[in-house]
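Q: I am attaching a structure below and will ask some questions about it afterwards.
The values are calculated or read from the model by the stated rules, or taken from the named source; none is laboratory data. As the structure is a prediction and not an experimental result, all values here were calculated from the model. Note that we place each Cβ from the backbone using ideal geometry, even for glycine, and neighbour counts take in every protein chain shown. Accessible surface is based on the protein model in full, side chains and every heavy atom, while ligands, DNA and RNA are left aside. Shrake-Rupley method; radii C 1.70, N 1.55, O 1.52, S 1.80 Å.
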Amino acid sequence: LESGTDATQDLTFFPTTTVGGTGSLASDTSQSFTGPRAVKCATGAGAGTAHVSTPDNILVDTGSQVFCRTRFTALPGTNQSIVRIKQTSLAVADVRLNTDGTISMAPTGATAATSTAVLSIDTWYRLTVSYYITNTTTFTFKLYIHDAATDSLIETVTANAGTLTRTAATRVGFGWQGSPGNNYSLWYDDMYVATGGASSSTQPDITENIRVISKRPFSNGTTNDFDTQIGVGGSGYGSGHADEVNEQPLSATNGW
């Protein structure tokens, strides 16, 4: 679960951040769908790259689901991966935004499936990937495209033909995996990853309207066993031990 950096106001919850050239990453307040912030991936004037990755070992071939909301300022100059299901750093499958505004579910080495729908710039969309992999020739990747504002299903894109180059995905990357051109921006909010399901007959499809929000602790819980204070300050929000641990932006200076 990642709230688009609402909780920390930085990229702390992403263990891997990648910026190339003039690219940049930010906890941004100019665009968001849920809460005050979203992850912004920008290429800059020199057509850089910018993407973040989740922790490792959160995906399984026996059934995983990846969910996010996203918007972009322009269609890319070349077809670009904007969500990457990957084996550490290598792509197992990409959700690809194409130059004509269509979107593809593209397993690496296998046959990509492309939407007939054309996505618009400056518009929030909800993307959900539900997939399982039995082996390199038996697999299904389903991409659900929703209009985020109305929560209406636009299209379902299914890729299940061909031979995968690799399996055993472990993490998810969000952002410009390559460069679409100069001065392109892309935002992500409400990121959610789950696992479950082992075959086509049991494959779960997360198509519900999920929102990931940040809730700060306001008071002590019923168990308050951390009793050695770290630092001397706090957020000023809440009582007891809460204000030493609920600071925004995140600070490791104070705590218990």
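Q: May I ask for the Rg/Rh ratio of region 7-115, computed from Cα atoms with Rh as the Kirkwood radius, given to two decimals?
A: In region 7-115, Rg relative to Rh is 0.95.
Q: Additional query: Do you know the relative contact order of region 202-252, to the nearest whole percent, from alpha carbon pairs under 8 angstrom that are 6+ apart?
A: 34 percent
Q: Enumerate the calculated ³J(HN,Hα) couplings along region 64-76 in order (Karplus 6.51 cos²θ - 1.76 cosθ + 1.60, θ = phi - 60°), each rounded to whole Hz, writing x wherever the residue is Gly or Pro.
A: Using θ = phi - 60°, the values come out as 9, 9, 10, 9, 6, 10, 8, 8, 9, 8, 7, 6, x Hz.
Q: Bin width 5 Å, origin at 0, all Cα-Cα pairs of region 120-227: what percent of pairs per bin?
A: That works out to 2, 8, 15, 17, 17, 13, 11, 6, 5, 4, 2, 0, in percent per bin.
Q: Would the chain count as rounded, prolate or oblate if I go by the C-alpha gyration tensor, calling it rounded below 1.5 in a/c and otherwise prolate when a/b exceeds b/c, oblate otherwise?
A: prolate
Q: Would you mind telling me which residue in Gly63, Gly234, Gly173 has the biggest mean-square fluctuation in a Gaussian network model of the chain, where springs connect alpha carbons within a distance under 10 angstrom?
A: Between Gly63, Gly234, Gly173, it is Gly234 that shows the largest mean-square fluctuation.
Q: What percentage of the solvent-accessible surface of the chain, computed with a 1.4 Å probe over protein heavy atoms, is contributed by carbon and sulfur atoms?
A: 50 percent
Q: Additional query: For region 209-214, just list the computed ³J(HN,Hα) in residue order, Karplus coefficients 6.51, -1.76 and 1.60, θ = phi - 60°, integers in Hz, with x standing in for Gly and Pro.
A: 7, 8, 10, 9, 10, 9
Q: Ok, one more. Could you tell me whether region 135-196 comes out rounded, prolate or oblate from its Cα gyration tensor? Rule is a ≥ b ≥ c as square roots of the eigenvalues, rounded for a/c under 1.5, then prolate if a/b exceeds b/c, otherwise oblate.
A: oblate
Q: Ranked highest first by the average count of other Cβ atoms within 10 Å around their residues, in what order do 196-209, 242-255, 135-148, 177-190 fall?
A: Taking the mean over residues of other Cβ atoms within 10 Å, the ranking is 177-190, 135-148, 242-255, 196-209.
Q: Per residue of region 2-17, what does 6.51 cos²θ - 1.76 cosθ + 1.60 with θ = phi - 60° give for ³J(HN,Hα)? Whole Hz please, x for Gly and Pro, Karplus curve as stated.
A: 9, 8, x, 6, 4, 6, 9, 6, 8, 9, 4, 6, 9, x, 10, 10
Q: I would also like to ask the following. Using Cα pairs closer than 8 Å and at least 6 residues apart in sequence, work out the relative contact order for the chain, in percent.
A: Answer for the chain is 26 percent.
Q: Additional query: Using a 1.4 angstrom probe, figure out how much accessible area region 54-161 has per residue, in square angstrom, rounded to the nearest whole.
A: On a per-residue basis, region 54-161 sits at 35 Å².
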